[in-house]
Amino acid sequence: MKFTDRSIRSIKPSEERFEVWEDNGRGFGLRVSPKGRKTWVFLYRFGGKSRRMTFGEYPTISLAEARMKHGAAWQDLGKGVDPGLTKLSAAAAERKAPTIKQLVAEFIEKGLKAKGNRTWPEYKRSLEKDVVMVWGERKAKEIKKRDVVLLLEGIVERGSPNQSMQVFKQIRRMFNFAVERDILEFTPCAQVKPLVKENNKDRYLTAEEIKVFWDNLPLCGMTDAMRRALLLVLVTGQRPGEVIGAHSAEIDGEWWTIPAGRSKNKREHRVYLTPLARGLFQNLGQGYLFPSPRLTKEGGVRPIEVNAMAHALRPAFKNNPFTEVCDLPLKPFTPHDLRRTAATHLAVMGYADEIIGAVLNHTRPGVTAIYNRHRYAKEIQVALGAWEKTLLAITSQPSDKS
């Protein structure tokens with residue numbers, strides 16, 4: 001019998017299952033059940049034993065597709081390979097192939113947390129929200145360049161262009177991790193370009209804006225601890241994550257020592273605490289000075305996540321539904337912009353880049369940095385003391401009532 005769609009449709013079921021073979025001598029046939037289900041089969045011999053494998057049901061698997069599968073199996077057989085074992089191995093590999101949800105989890109644990117990357121909570125939140133929710137159960141190997149583009153377009157279209165940029169950076173890093181670990185052969189992010197331009201990170205507050213921020217922060221709908229944390233970023237010039245993770249054991253009188261394990265450049269950093277800074281730290285208790293209401297899995301205390309600062313600040317730039325005015329009538333800024341504000345005003349005050357870098361705990365480039373172990377403790381104390389005087393002068397000015 002020569003298989004055609006017409007001849008296949010003409011095959012009627014009987015009370016018992018039977019098989020129909022094509023007259024080509026290669027074991028290509030159809031198995032017909034009493035209920036009329038027709039399944040493609042391949043009967044062959046390997047290692048002196050008769051074996052058979054299936055290719056799926058007709059018409060879900062068309063005649064043309066079945067012929068291709070049969071042809072590939074016949075080629076394997078000619079090479080001395082059991083096509084049935086090849087199929088089983090492929091099926092097992094497919095079952096084990098990680099989904100995007102699984103890849104995200106592995107990337108967070110082995111690509112970020114295991115390497116001491118402190119931004120992993122932000123990666124986890126962002127990837128789970130914008131990637132797992134869309135691609136979660138899809139196999140990672142199925143994601144194509146077009147999928148990446150559509151994902152990013154969807155984020156832009158909902159009005160979050162900056163988040164689109166961040167997600168692109170994160171999934172690009174995740175897929176590169178998958179290639180490095182031989183989870184994937186290639187990354188679908190190759191040759192994909194960001195859909196939006198990244199905003200230049202040059203936002204800082206002028207003296208007038210600092211005054212508005214200082215006067216209006218008590219009106220903002222956030223906890224007192226969060227207000228103190230934001231002010232400490234401005235007063236000390238330190239990173240939001242280092243401020244929010246502060247521990248009472250790090251405070252010793254006029255000095256705050258940020259351990260190497262918490263600093264971005266993995267170097268211990270000593271910060272001089274002016275009277276204003278000490279006032280913001282005091283009465284915050286023992287242990288973590290900005291504790292999260294959520295405990296760890298073991299029931300321990302942990303600090304508030306750094307992204308909580310941005311979340312608390314963001315609503316202040318929108319109109320309050322009760323007063324119909326915004327709590328902070330300023331161009332929006334982020335907690336990190338408060339750190340940039342301190343650095344910018346120190347520069348305006350005449351401090352050299354090297355001293356500002358010491359205050360901010362920036363890594364100095366070049367060979368000089370390796371041999372120059374001077375920690376600038378006195379210079380940091382003088383600079384932050386001068387910055388406090390400038391801040392107090394700015395914030396003590398009468399408010400503009402016009």
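Tabulated results
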quantity: Overall Cα dimensions of the stretch 17-89 - principal axes, largest extent first, Å; calculated: 36, 25, 22
quantity: Candidate lysines for bridging to residue 79, where Cα separation is under 27 Å - those fewer than 8 sequence places away on the same chain excluded; calculated: 2, 49, 69, 87, 96
quantity: Compactness of the stretch 100-180 as Cα Rg over 2.2 N^0.38 Å, two decimals; calculated: 1.03
quantity: Answer label, with Kirkwood radius over Cα pairs in Å calculated from the coordinates and candidates (i) 25.6; (ii) 21.8; (iii) 26.7; calculated: (iii)
quantity: Centre separation in Å (Cα based) which lies between the stretch 233-250 and the stretch 324-359; calculated: 15 Å
quantity: The chain, helix-only ellipticity at 222 nm - DSSP H runs n ≥ 4, -39,500 (n - 2.57), divided by all residues, nearest 500; calculated: -13000 deg cm²/dmol
quantity: Highest-MSF residue in the chain out of 131, 348, 32 [GNM, Cα springs under 10 Å]; calculated: 32
quantity: Shape of the stretch 207-395, Cα gyration tensor, a/c cut at 1.5; calculated: oblate
quantity: Extended-chain gain in nm, criterion 0.36 nm per residue less alpha-carbon gap, residue 114 and residue 267; calculated: 53.2 nm
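FYI, it's all coordinate maths here, none of it is from the lab. Computed from a predicted model, the values in this text were never measured in an experiment.
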